[in-house]
1. Suppose only helical runs count, i.e. DSSP H with n ≥ 4. What mean residue ellipticity at 222 nm does that imply for the chain under -39500 (n - 2.57) per run, divided by all residues and rounded to the nearest 500 deg cm²/dmol?
2. The list (1) 253; (2) 170; (3) 157 gives values of volume of the Cα convex hull per residue in Å³, and only one came from this structure; which label was calculated from it?
3. Work out, step by step, the length gained on full extension between SER477 and ARG402: first 0.36 nm times the residue separation, then minus their alpha carbon distance; give nm to one decimal.
4. Can you run phi through the Karplus equation (6.51, -1.76, 1.60; θ = phi - 60°) for segment 261-277 and list ³J(HN,Hα) in whole Hz, with x for Gly and Pro?
5. Could you line up ARG538, ARG520 from fewest to most neighbouring Cβ atoms inside 10 Å?
6. Taking the highest mean first, how do the peptides 310-322, 50-62 order by number of other beta carbon atoms within 10 angstrom per residue?
7. Once both labels are modelled 7 Å past Cα along the beta-carbon direction, what's the SER323-LYS60 spacing in nm?
8. In a solvent-free Debye calculation with one equal scatterer on each Cα, what is log10 I(q)/I(0) for segment 468-626 at q = 0.13, 0.14, 0.20 Å⁻¹, listed in the order of the q values?
Amino acid sequence: MEEEKPVNSSFRVGEFLIEPQLNNISLDGKSVHVEPKVMQVLSCLAFSAGEVIAKEQLIKIVWADTFVGDDVLTRAISELRKVFRDDSKEPRYIQTIPRTGYRLIAPVVQNQTASPPKAPLAATSNSRQMLWATVLLLMLAVTIWVYFSRPRTSAASVSMRVIPFTSYPGREDQGVLSPDGNQIAFVWEGEKADNADIYVKSISGEKPLRITTSPALDLRPAWSPDGQRICFIRIDPSDGKIGVYVASVLAAAPERFLFSVNQEPGTIAWSPDGKYIATSDAQPGSKATKIILFSPETGERRDLTKLPVQFWSDSIPAFSPDSKTVAFIRQNSPITGDIYTVPVNGGEPRRITFDNARYSFDSGIIGGLTWTSDGSELIFSSTRGGLPSLWRVAVAGGEPERLPVGGDNTYYPSVSLQGHRLSYTRVSGGTPIYRIETSAAPGQRAVATKFLSSTREDASPRYSPDGKRVAFQSDRSGNPEIWMCDSNGQNITQLTFFRKGVAGTAQWSPDGSQIAFDYRASGMSDVYVVNMNGGVPRRVTTEDSDDSVPSWSRDGKSLYFASNRTGALEVWKTPVEGGQAVQITKHGGFTAFESSDGHYIYFNKSAGCPGVWKMPVDGGDEILVLNQSGAGNWGQWSVADNGIYYINYQPDGISVAFFNFATEKTTRVVGLDNVNAFVGGLTSSPDGKQILYTQQDPVSSDIMLVEDFR
């Protein structure tokens, strides 16, 4: 009997040679290197060649150590198809089973040190077992490598201790650890909640030290490298001017003005070597911010990033421990963004995450960003897993992993350069939906009443065409989903049950039978449609692009949506029942609504192009229709049959205004002086008698401290 030859770990898929240990796929001597996770997906498919593997099963096996959505698996499959030169519509290698999973349909053959076997793997149980053993060994090796290559261990995670750092009345947030890790600077409105100021509290101390006392709003503290000073943002409520100041922590020295900015920054950072202060700013009249550097020593100011035309803004800078690199958030739309890094000396930014993380009502796209003390990872708050929580990602790249501390509704992480400490803000409260009557007498201030209220986030309400129902987004089930209720706020019903990711921006069909919305599992968003009576949502867009904020054509046959599939964010239109999407706008576009006669679409653009525009639905020149303050802000305008309702920001206060299409005149509808913090989701009832919007009610928040953070 001939001695059985030893088996190596390579195998063939069709004509391609697969080498899992090297993450190589070869053909005719030419090799393509793929990511380890992509190779693991291929190995799983090869083991069950000819059989369907559910998406959930693949994700559970390959990404067992983190939370990811279907889009991550979709990208891995897309990568394999590119290597195999495969066609998803006429596959020869990987077949997509709609709404189920994938199947490898090419023959799989196990390689040996002797000549390769003639029969496919699926033909004999012995060869199948040999491949399965190989795959198991490969995946075990990868798992062990990943485990021991992490800059942390399970023991370190277990030893981390979380303690409340503040528990004062009201809201304490934006906490930043001092470089030595012994103090935290934070923002607190005080015991009477009358003004936001900067405070400092020692890790071992009881009473906080108040650093600023100005009647202006003092926000976004950042420590100097020596821990003796704090720079911060000051907003003057009388004229809205925004300045960056520095104050002493140790002595009663006067504050010093450094420089001014045109837009309120998401954060401010002081480099560990003391050379630069980084923040974000925009040109006057624009909201398209970029990262800037300011030298406290010379007063020199320069741009660090240049925002590409297809993006919305750069913000939230954070210096690396060696002061050579700045991490920041680059938004590709008003509601999505990712982490990038750029050298302090300038250069092309490098993308770190690929989540297109969804807007968080409390703190923006990504609610805080910081480096670990060794500079190998970034800690950030993100909605990539549903509600805002803390995540970590290697600067070298890879899949983010959720931290074992913090839980939901956590923001503003900060890591000390010394002392192995992490701080973050934990928020409790909600964003209720309010209703106001538009029939107030001239000069009379309307009173807003709560329409929907919970301890969670309710947002983006939309009246049905008959005015009898309201669709809205809510995370009251623990995950952002689409909900519906009667026009009086009763009979609340949940319509989607994704249980992960984010569903939002609901829009009713003209006949009121369906609701279109966007859903983001963790990365790219797509447009879906669900029946108002319930059922499984149907996916409408399937491109490898970010497709969001849908709205209906007046005949109910098509959907408008925003997409970056050409690189820039533009308005597209696609048949509801399936078909080829066509590009509508050519010079930028986001949220779009069709006019009641079906002749025009009204749309807004990027942050650098304020206002509401219009153009013919069949194409043509675009015209700036409305350029008032606040008009065109995302979620703060809505098209009615005869005009546009929008939030109007003026020196004498905030109001709902109405632009009449026929007269091209703007009138004030109702004042909103009682608004605490406007969030968005403005919508009017079909008869124009009621307005719904979302605002941030007063919430409580505390700063938490993590000891022995690794």
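Only the coordinates and a few stated rules stand behind these numbers; no lab work does. Bear in mind that the values here come from a model prediction, so they are computed numbers and not experimental data. Neighbour counts are summed over all protein chains in view; Cβ atoms, including those assigned to glycine, are modelled from backbone coordinates with ideal geometry.
1. -3000 deg cm²/dmol
2. (2)
3. Length difference between fully extended and current span is 25.0 nm.
4. 3J(HN,Hα) across segment 261-277, in whole Hz: 9, 9, 10, 5, x, x, 6, 9, 9, 10, 5, x, 8, x, 7, 9, 10.
5. ARG538, ARG520
6. 310-322, 50-62
7. About 5.1 nm, to one decimal.
8. -0.60, -0.70, -1.28
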